[in-house]
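These notes are about the structure you will find just below.
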Amino acid sequence: MLKRSVYPLFLLAVAYLLFSSQDAKIIIAGIAIFLIGMVFMEDGFKLFSGGILEKVLEKSTSNVPKAIATGFIATAIVQSSSLLTIIVISFLSAEMISLSGAIGVIFGSNIGTTTTAWIVSAFGMKIDIAYYAMPMLIFGVIFRFNKNKTYQGFGNILVGLGFVFLGIGYMKEGFEAMKEGLDLAQFAMTGYLGILVYILIGVVATVVIQSSSATMAIIITALATGQIEYVNALALAIGANIGTTVTAIIGSLSSNANGKRLAVAHFIFNLVTGFIAIVFLYQLAGFVNMLSSHVGIDDKDYAMKLALFHTVFNIIGVLVVSPFTHKLVIYLESLFIEVDVDVSRAKYLDDVVVAVPESALAALEKEVIHLYDNASEVLAHAISLHRHSFLNQENILEAVKKSTSKIDIDVNKFYTTKLKELYGDIVHYATLSQDKMDADQIRQVYYYKVASKDIVEAVKEVQELQKNVNLYQKSKNEVIRNEYNILREKIANTLDKIDDIRNDEDDMDSMIKVKQLKEDIKALDIIGNGRIDTLIRNNSITPKMATSLINDSSFAYDISKRLIDVAVTLWIKDQEIKTLAGEPS
């Protein structure tokens, strides 16, 4: 509500500046072009990396120091902490990384964002950076028209860099022109009151622009052209850091619990870092002056000193906060607890997760397993069995014979209340997730959708089987009773062996178990193996029993076959072995 009411006022303020000052118009245009460049670079790295960034994040967050290093390197390369945050939140929601690993990446990302200040201060203020923007834009556009996604990504990166350089050039030009008519340095404030005022300006600027990198580019450009004093620029940099926290909090309001926890972690980190920087501002400034002389930064090069200051206080923040990551995780996990989670709805899938292909695939797999776990309960109960009575039992047929009590369960109601909406969520998010996927990933999504359909169809088929199981397990005809116990045993055995496959990390072992299962359920083809003929000739069962048994044997076979196909999709990882095991096409 507040955002909607402030937005028109913001537009009016921008319009006023555009029409009242030519210099302000150039600066604002520079900011806009810079931001467009950041968007192009973010999109470019998504295409160019081809999922490499996501794979690196997944593998390199096993401990906090490694996660911090990964966050720093990744942000320094892609120049987008927002892209990294989206990936981290989606991975966290899909349980691909731990909360401590995600926090470590965010800590490292804060240091990584300081590389933008180094680029602007090192190149933007010392050379005619706009001169190099034109070739980048031209070649970037050429590459963007290539059909290869890697080239398209590289083209977007070049276009993004070109716009970033061009934006810096416009901002520099605008501030230099403004210097002639209006000297903003005359409004410089000394003492801690001045520091706090400029910190607040830095916070507001970052919240409005929604990019700390753009804010830092403005600060460095204004400092290099003499529009602001060095100490005030330091305070603005601290404000920009704190401002990113406000942006993260606003962005997390519509996010899931993990997104909110990460935003709180970001808030705590930046608050602690900002507090240290404010309290020890003059000591840090002195330390930066001393350090500058050792790394070859000229004593009058305030833009480079500001970049160094920005990096130093973020590193100090990481050194101070990271040792307490474990305690921070414990605190964060106590926040945003979801009470009475609806098991009939998706646990792992949401709009944040499906935005990143790798996390979408991982979440889809977990969600299909969630669907299977719900379904296996009703499959067992429908044939009057409790899972604990046959799972991991050596003689499943004996366990089946002992389970003679009918379990009252309304399969249709169970499907409607516990499976239907979850199945709908899987199909919905699976469809949305395919927009940014390559051909192999889309094929894997297809397999997950087929597996979900198989699970649901198995439940519908067991509903047909349930009627006669309940009827004939109490029959005085021992033959028909035994025949239906065999059907129950085959389904129970399938569920039991799938449980073994699920817990077996050796794909070859799993494939052998799948082959054995497929052989075992062939016994359900009572027409093909001639058993039904023998039963009829011997007058062991009535014609009505015979037709029921034929139909129900077919249902039992279809249920078992579907579940085996689901097991291959979910729990055999190697693609070649998966194909040998007979993944459905």
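Has the stretch 348-357 got any residue that is out of contact with any Ser or Thr (no Cβ under 7 Å at 6 or more places or on another chain), free of Cβ contacts under 8 Å to residues at least 40 places away in the same chain and of a type in the set (A, V, I, L, M, F, W, C)?
Within the stretch 348-357 (the criterion being out of contact with any Ser or Thr (no Cβ under 7 Å at 6 or more places or on another chain), free of Cβ contacts under 8 Å to residues at least 40 places away in the same chain and of a type in the set (A, V, I, L, M, F, W, C)), the answer is no, since none of the residues qualifies.
Across the stretch 299-324, what is the number of residues that are more than 17 Å from residue 72 (Cβ to Cβ) and either over 39 Å from the mean Cα position of the chain (by Cα) or surrounded by 17 or more Cβ atoms within 10 Å (Cβ to Cβ) (or both)?
Matching residues across the stretch 299-324 total 9.
When the residues of the stretch 460-477 are filtered to those that are open to solvent by less than 30 Å² (accessible area, probe 1.4 Å) and out of contact with any Leu (no Cβ under 6 Å at 6 or more places or on another chain), which remaining residue is nearest to residue 365 (Cα to Cα)?
Checked the stretch 460-477; the qualifying residue nearest to residue 365 (Cα to Cα) is 461.
In the stretch 268-298, which residue that is of a type in the set (Phe, Trp, Tyr) and open to solvent by 70 Å² or more (accessible area, probe 1.4 Å) is nearest to residue 233 (Cα to Cα)?
Filtering the stretch 268-298 for residues that are of a type in the set (Phe, Trp, Tyr) and open to solvent by 70 Å² or more (accessible area, probe 1.4 Å), the one nearest to residue 233 (Cα to Cα) comes out as 282.
Would you mind telling me which numbered condition in (1) among the basic types (Lys, Arg); (2) touching a Leu at 6+ places or on another chain (Cβ under 9 Å); (3) assigned to a loop (DSSP other than H, G, I, E, B) residue 449 fails?
Answer for residue 449: the failing condition is (3).
Where residues in the stretch 409-447 are open to solvent by less than 50 Å² (accessible area, probe 1.4 Å) and small (Gly, Ala, Ser), which of them is nearest to residue 378 (Cα to Cα)?
424
Are there any pairs with C-beta distances below 9 angstrom linking a residue in the stretch 535-547 that is closer than 15 Å to residue 476 by Cα and in contact (Cβ under 8 Å) with a residue 40 or more places away in the chain to a residue that is among the hydroxyl-bearing types (Ser, Thr, Tyr) and outside any helix (DSSP H, G or I), with the two at least 6 apart or on different chains, and if so which?
Listed by first residue and then by second, the contacts come to 545/475.
Of the numbered conditions (1) aliphatic (A, V, I, L, M); (2) surrounded by 17 or more Cβ atoms within 10 Å (Cβ to Cβ); (3) modelled with pLDDT of 85 or more, residue 32 fails exactly one; give the number of that condition.
Every condition holds for residue 32 apart from (2).
Restricting attention to the stretch 544-581, which residues are open to solvent by less than 80 Å² (accessible area, probe 1.4 Å) and among the acidic types (Asp, Glu)?
552, 558, 565, 574
Considering 532, 541, 480, 536, which residue is over 26 Å from residue 440 (Cβ atoms), β-branched (Val, Ile, Thr), open to solvent by 50 Å² or more (accessible area, probe 1.4 Å) and over 45 Å from the mean Cα position of the chain (by Cα)?
Exactly one of 532, 541, 480, 536 is over 26 Å from residue 440 (Cβ atoms), β-branched (Val, Ile, Thr), open to solvent by 50 Å² or more (accessible area, probe 1.4 Å) and over 45 Å from the mean Cα position of the chain (by Cα), namely 536.
I need the full set of residues from the stretch 528-585 which are assigned to a helix (DSSP H, G or I), under 30 Å from residue 505 (Cβ atoms) and among the polar types (S, T, N, Q), in order please.
Scanning the stretch 528-585 gives 560, 569, 575, 579.
Which residues, counting only those in the stretch 250-273, are at pLDDT below 75 and β-branched (Val, Ile, Thr)?
250
The values are calculated or read from the model by the stated rules, or taken from the named source; none is laboratory data. Note that the structure is predicted; figures quoted are calculated from it, not measured. Counting neighbours? That spans all protein chains shown, and the Cβs are built from the backbone with ideal geometry, glycine included. All accessible areas refer to the heavy atoms of the entire protein, side chains included, with ligands and DNA or RNA removed. Shrake-Rupley method; radii C 1.70, N 1.55, O 1.52, S 1.80 Å.
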